[in-house]
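The values are calculated or read from the model by the stated rules, or taken from the named source; none is laboratory data. Quick caveat: nothing in here was measured; it's all calculated off a predicted structure. Cβ: placed from backbone, ideal geometry, glycine included. Neighbour counts: every protein chain shown. To get the accessible areas, we keep the full protein, side chains included, count just its heavy atoms, and leave off ligands, DNA and RNA. Shrake-Rupley method; radii C 1.70, N 1.55, O 1.52, S 1.80 Å.
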Amino acid sequence: MSELLDIENIEVFYGPSQALFGVSLKVGEGEVVALMGRNGMGKTTTIRTLCRMSKQKAGRIEFAGCDIGSMPSHKVAQLGVGLVPEGRRCFANLTVEENLVAAARAGEWSLARVYELFPRLEERQGQMANTLSGGEQQMLAIGRALMTNPKLLVLDEATEGLAPVIREEIWRAVRELKATGQSILIVDKTLSELLPIADHCVILERGRTAWTGTPDALTPELADRYLGV
Ligand code: ATP
């Protein structure tokens with residue numbers, strides 16, 4: 001399997017305080033990789049660094065065969081990293097449809113395909129984004145990322161704080177995307193949904209990659225050591 005994303009030993013600081021001390025992770029073409037770890041261990045910082053919203057002091061980031069370690073965010077997005085950020089940002093004063101169209105880039109994804117994945121968005125296509133429920137906004141954020149035809153979809157806590165039925169709808173969509181061969185890097189706390197779809201898990205502890213393996217190899221002891229509260 002060829003590597004789509006290869007992050008090697010990145011170190012990241014917020015001012016004087018170091019957040020990442022050596023994070024490495026790989027995502028192969030068509031793989032779903034779960035980025036895991038307790039609160040504050042560096043998951044969001046890793047994603048921010050991949051998307052060039054934080055800069056690494058050391059280490060290497062390769063995506064689709066390019067060294068993206070010093071590229072600006074928009075270039076990385078153009079290369080095919082589609083981020084659904086924590087907190088699901090959409091354009092509040094645009095409609096659902098306008099939000100989706102504004103994100104569009106040439107490729108397989110179209111409005112029709114996003115609406116097929118999330119029928120609720122079609123029902124609300126003319127509604128302003130700021131009047132959507134939290135779950136609908138999350139679907140819109142995912143739809144927007146897909147409209148860019150990303151080689152890698154990055155989901156940071158996409159189901160956090162949502163009602164169970166909406167969460168289930170988002171997991172269903174993620175499973176459908178995986179089935180089509182979409183490469184995905186995903187952070188989520190719901191292990192019962194996450195582990196069955198993950199090809200690999202990467203666990204961070206205090207800003208370092210502490211463990212990597214398949215979900216099968218993640219024993220209850222390891223889960224307790226790295227993920228338990
Ligand atoms: P969570 O699950 O709580 O989102 P996380 O694993 O995503 O946690 P990060 O948000 O990446 O962790 O945080 C890693 C470390 O960096 C933490 O110690 C955090 O306090 C620190 N940190 C994160 N953002 C900032 C910031 N803007 N300024 C200073 N320190 C930060």
Provide the per residue accessible area, probe 1.4 Å, for the chain, rounded to a whole number of square angstrom.
-> 45
Among MET71, ALA104, VAL81, the residue whose Cα sits farthest towards the positive end of the charge dipole of the range 63-130 (+1 at Cβ of Lys and Arg, -1 at Cβ of Asp and Glu, taken about the Cα centre) is MET71
Can you give the relative contact order of the range 103-159 as a percent, counting alpha carbon pairs under 8 Å and 6+ residues apart?
-> 54
Overall Cα dimensions of the chain, principal axis frame, Å, largest first | 46, 38, 36
What does the helix-only formula give at 222 nm for the chain: each DSSP H stretch with n ≥ 4 adding -39500 (n - 2.57), the total divided by the residues, and the result rounded to the nearest 500 deg cm²/dmol?
-> -10000 deg cm²/dmol
Find the eigenvalues of the gyration tensor of the Cα atoms of the range 144-229, then list the square roots of 5 times those eigenvalues as equivalent ellipsoid semi-axes, largest first, in whole angstrom.
-> 23, 15, 13
Semi-axes of the range 37-157's equivalent ellipsoid from the Cα gyration tensor, sqrt of 5 times each eigenvalue, largest first, rounded to whole Å?
-> 27, 17, 11
On the accessible surface of the chain, probed at 1.4 Å, how many percent belong to carbon and sulfur atoms?
-> 52
Check: in the chain the Lys pairs 8 or more apart or on separate chains whose Cα atoms fall under 18 Å apart number 9
Scoring the chain by relative contact order with C-alpha pairs under 8 Å, at least six apart, yields a percentage of 29
